[in-house]
Amino acid sequence: MAIDIEIKDGVGELIINAPPVNALNNAGWREFAEKMTALGQNSDVNCVVIRSEGRGFQAGVDVKELAENGDLIVELNRGCYDSFAAVYDCPVPTISAVHGFCIGGGIGISGASDFVIASEDATFQLPEIDRGALGAATHLMRLVGVQKARRMLYTCETIGAEELFRHGGCTAVVPREKLRDEAMTIARSIAGKSPQALRLGKQALNGIELLDPKQSYRFEQGFTLELYTTPDSQEARDAFVEKRDAKF
């Protein structure tokens, strides 16, 4: 069990709890997608908060699992796609409360949410190229815009919560000890609105968005799969696991 669920006062909490860094393997991504979908379908839930226990929000996929078996990439792609889609398609508003590191798949989760609240110690990174992969640039663009997302993808550089805020990628930056309280206060305010209005509002907002994140991410995944078939991708994964510089 990598995902915990709590429901109270109209707010559903989806809590990532997969020590040591909240990276998810194939089973973990399937669990995330299934439980996120179930929360959205629960008539007692009018808003969902996605948060994590431990050192950071989410560290993407389990690279060690892929390094051992690269054939898992197709199943993994599906798990990530279904998870990010479950967040985006959730019939009620979704809030990602991000602390510590938000890496790779964490960008996909937070970038698929309606909005993000970040703690002061939160950092955001898409290191896919350094891991022999691609993906989630779609969701990064929803957080920081086109040019910054391209720079972050090419360089694999990290930005902090305040910089994310300046790019419009989160609505607030708060002390870490106040993160959950802040997210829950906003979520309860939302959950107290008309359930029908919230669901129609979410549907309307998704409908008028200029970029379709699911089609865009699916397009990205084709290139991810292509890259995974190359020796460079395997070398990047091996170097990461062995904690050495990759040799291309």
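The values are calculated or read from the model by the stated rules, or taken from the named source; none is laboratory data. Computed from a predicted structure; not experimentally measured. Using ideal geometry, Cβ is built from the backbone for each residue, glycine included, and neighbour counts are taken over all protein chains shown.
A few comments on the model shown:
- Gly207 being over 19 Å from Ile107 (Cα atoms) and surrounded by fewer than 12 Cβ atoms within 10 Å (Cβ to Cβ): yes
- Gly111 meets all of the listed conditions (1) crowded, with 24+ Cβ neighbours inside 10 Å; (2) in a loop (DSSP other than H, G, I, E, B) but one, namely (2).
- Meets criteria (surrounded by fewer than 23 Cβ atoms within 10 Å (Cβ to Cβ) and either in contact with a Leu (Cβ under 6 Å, 6 or more places away or on another chain) or in contact (Cβ under 8 Å) with a residue 40 or more places away in the chain (or both)) for Asp121: yes
- The listed residue being buried (at least 21 other Cβ atoms within 10 Å of the Cβ) and under 21 Å from Gln234 (Cβ atoms), out of Ile129, Ile95, Ile103: Ile103
- Residue under evaluation Lys64, criteria (1) touching a helix residue (DSSP H, G or I) at 6+ places or on another chain (Cβ under 7 Å); (2) of a type in the set (D, E, K, R); (3) at pLDDT 95 or above, criterion not met: (3)
- Selection count, the range 93-108, where residues are of a type in the set (A, V, I, L, M) and not in a strand (DSSP E or B): 1
- Total residues in the range 181-194, condition surrounded by fewer than 16 Cβ atoms within 10 Å (Cβ to Cβ) and part of a helix (DSSP H, G or I): 3
- Filter result (buried (at least 24 other Cβ atoms within 10 Å of the Cβ) and either acidic (Asp, Glu) or over 14 Å from the mean Cα position of the chain (by Cα) (or both)) within the range 132-147: Gly132, Ala133
- Yes/no for Arg55 being at pLDDT 95 or above, within 19 Å of Pro127 (Cα to Cα) and of a type in the set (Lys, Arg): yes
- Close pairs (7 angstrom Cβ cut-off, 6 or more residues apart or separate chains): at positive phi in the range 19-42, surrounded by 20 or more Cβ atoms within 10 Å (Cβ to Cβ) anywhere: Asn22/Ile16; Asn22/Ser52; Asn22/Gly56; Asn22/Phe57; Asn22/Gln58; Asn22/Ala59
- Hey, Ile15 within 16 Å of Ser96 (Cβ to Cβ), over 15 Å from the mean Cα position of the chain (by Cα) and modelled with pLDDT of 95 or more or not: no
For every residue, the table says whether it meets (1) modelled with pLDDT of 95 or more; (2) farther than 25 Å from Asn46 by Cβ.
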{"site": "Glu157", "(1), (2)": "yes, yes"}
{"site": "Ala172", "(1), (2)": "yes, no"}
{"site": "Gly192", "(1), (2)": "yes, no"}
{"site": "Gln203", "(1), (2)": "yes, no"}
{"site": "Gly222", "(1), (2)": "no, yes"}
{"site": "Arg237", "(1), (2)": "no, yes"}
{"site": "Lys247", "(1), (2)": "no, yes"}
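- Residue satisfying all of: in the range 32-61; of a type in the set (D, E, K, R) and surrounded by fewer than 19 Cβ atoms within 10 Å (Cβ to Cβ); nearest to Arg188 (Cα to Cα) among these: Asp44
- Test: residue in the range 230-240 that is surrounded by 15 or more Cβ atoms within 10 Å (Cβ to Cβ), hydrophobic (A, V, I, L, M, F, W, C), assigned to a helix (DSSP H, G or I) and touching a helix residue (DSSP H, G or I) at 6+ places or on another chain (Cβ under 6 Å): yes
- Test: residue in the range 62-75 that is buried (at least 24 other Cβ atoms within 10 Å of the Cβ) and closer than 27 Å to Thr224 by Cα: yes
- Looking only at the range 148-179, residues that are hydroxyl-bearing (Ser, Thr, Tyr) and surrounded by 14 or more Cβ atoms within 10 Å (Cβ to Cβ) come to 2 in all.
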